[in-house]
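First up is the structure itself, then whatever we jot down about it.
Bear in mind that the values in this text are calculations on the coordinates, not laboratory data. Predicted model, so just to flag it, every value in this text is computed and none were measured. Because the Cβ atoms are built from the backbone with ideal geometry, glycine has one as well, and the counts that use them run over all protein chains shown.
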Amino acid sequence: MQTVRAISLLVVYFLIALHGCPGLDYLGDRDFVSERSKRELRAQMPEWGAQVAFAFGDFNRGYRLPLVRATEKLQKPFRVAQTWNLYRDGPGRVNRMEIHVDDVLVFRTGDDAHDWLEPQLRNRRIRPVVESSTRKLRSKNWKGLTRFLVEHVRRDFPDAQKLELTAYKGTYPKGKMRPHHRIVAEGPDWTPSIHELRGTKP
């Protein structure tokens, strides 16, 4: 019985260390893969530090993450999954959204001068939809968000004929914000379409 208990404790401690490994649990499987991301890291630290980070990234990608994925379902019955990263050290990447109505800027994330519909967009029920539509190209919610905004555009700007949502991405704190994708809806039918903008400059 004591042997079983000891083995069980070792397995539990291993899983805790695996899933909550300090530092490595912040790394994704695409970190430090592209030459651009490597250049950005080298600009922030000495070469030896960058090489250490690249080695950790390779280890994380090749060994730790496959084990994490293989054992991830074990967390659900015990409700101990912490993929929401409560204790993270701040955002490594920043996502922002701009909304234009007939080419006039009416909303920009965090901009008090352009805050059309800000209370609604920051509502706890709608905010996850806004965030997912900003972070991902073709998220599950982009069409629903566009329908919601079109409804308000037609109410607040009755003569408007075009709605544009542009998602920007950048690295924190010094990276430039670059457009990632754009959602467009035009009257009279207001059918939404989405366009990838990766590689273009603002």
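Quick rundown of the values:
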{"item": "Principal-axis tilt of helix 142-156 within the chain, Cα atoms, nearest 10 degrees", "result": "30"}
{"item": "Simple label model, 7 Å out from Cα along Cβ direction - Lys136 to Gln51, nm", "result": "3.9"}
{"item": "Reachable aspartates and glutamates, given that their alpha-carbon falls under 13 Å from the alpha-carbon of Lys136 and they are not under 8 places away in the same chain", "result": "Glu196"}
{"item": "Estimated FRET transfer efficiency (Gln44, Met177; beta-carbon r; R0 25 Å; 0.05)", "result": "0.85"}
{"item": "Taking Met1, Met97, Met45 and counting other C-beta atoms within 10 Å, the order from fewest to most", "result": "Met1, Met45, Met97"}
{"item": "Stretchable slack from Ser193 to Met1, in nm (0.36 nm times residue separation minus alpha-carbon distance)", "result": "62.9 nm"}
{"item": "The range 1-48 versus the range 136-195: alpha-carbon centroid distance in Å", "result": "36"}
{"item": "Flagged links, alpha-carbon separation over 32 Å, of Lys143/Lys169; Lys38/Lys162; Lys76/Lys176; Lys140/Lys162", "result": "Lys38/Lys162; Lys76/Lys176"}
{"item": "Rg/Rh for the range 93-196, where both radii come from Cα atoms and Rh is the Kirkwood radius", "result": "0.94"}
{"item": "Proxy reagent accessibility, fewest Cβ within 10 Å first, across Thr71, Thr3", "result": "Thr3, Thr71"}
{"item": "Added length on full extension, which subtracts the Cα-Cα distance from 0.36 nm per residue, Arg122 to Leu9", "result": "36.3 nm"}
{"item": "Reduced Cα scattering model of the chain, Debye log10 I(q)/I(0), q = 0.08, 0.18 Å⁻¹", "result": "-0.41, -1.24"}
{"item": "Fraction in percent of alpha-carbon pairs per bin - 10 Å, the range 2-78", "result": "17, 40, 24, 14, 5, 0"}
{"item": "Per-residue Cβ neighbour rank within 10 angstrom, fewest leading, Phe14, Phe148", "result": "Phe14, Phe148"}
